[in-house]
Amino acid sequence: MVTAPSGPGEHSLPLTRAHYHAAMTDMRNGVCAVCGGEEIYTASTRLETPTALFGMLHTEKVDLYACVSCGFLQTFLDRTDDQARWMRNSWKRV
C-alpha cells in the first residue's frame, strides 16, 4: 500500500490505486490536474531512452501538456502494441 502525507504533523495515510485515479485529471481536456487552471498548451516531441544495445537510443513520439499557471507537465506516449511490448521488456515496473 502506498502512503502520502496527510497534513501538518501527520506522517502518512494509506492510498489505493483508486485514490490516484480519482485525483489525476487528464490535461488533454484543457484543465490542469494540479491547480485547475484552464490555460493549457500542447506540443509533440520525441522521447529518447537508452537501450542496452551498444548505447543506442530508442525514440518514441510523446505529446506534452503544460499548465501556464503552475508549470505542471503531463506526458502521453503515442502507445502502440509494439511500443507497449518494448516498455514491458525495457522499463522497470513500479
Handout entry: Additional length obtainable on full extension of the chain from Thr59 to Asn89, 0.36 nm per residue less Cα span
Key = 9.3 nm
Exercise for the section: Multiply the residue separation of Ser69 and Ser44 by 0.36 nm, subtract the distance between their alpha-carbon atoms, and state the gained length in nm to one decimal. Expected result: 7.0 nm
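Readers should treat all values here as calculations from the given coordinates under stated rules, not as data from a laboratory. These figures come from a predicted structure and were not determined experimentally.
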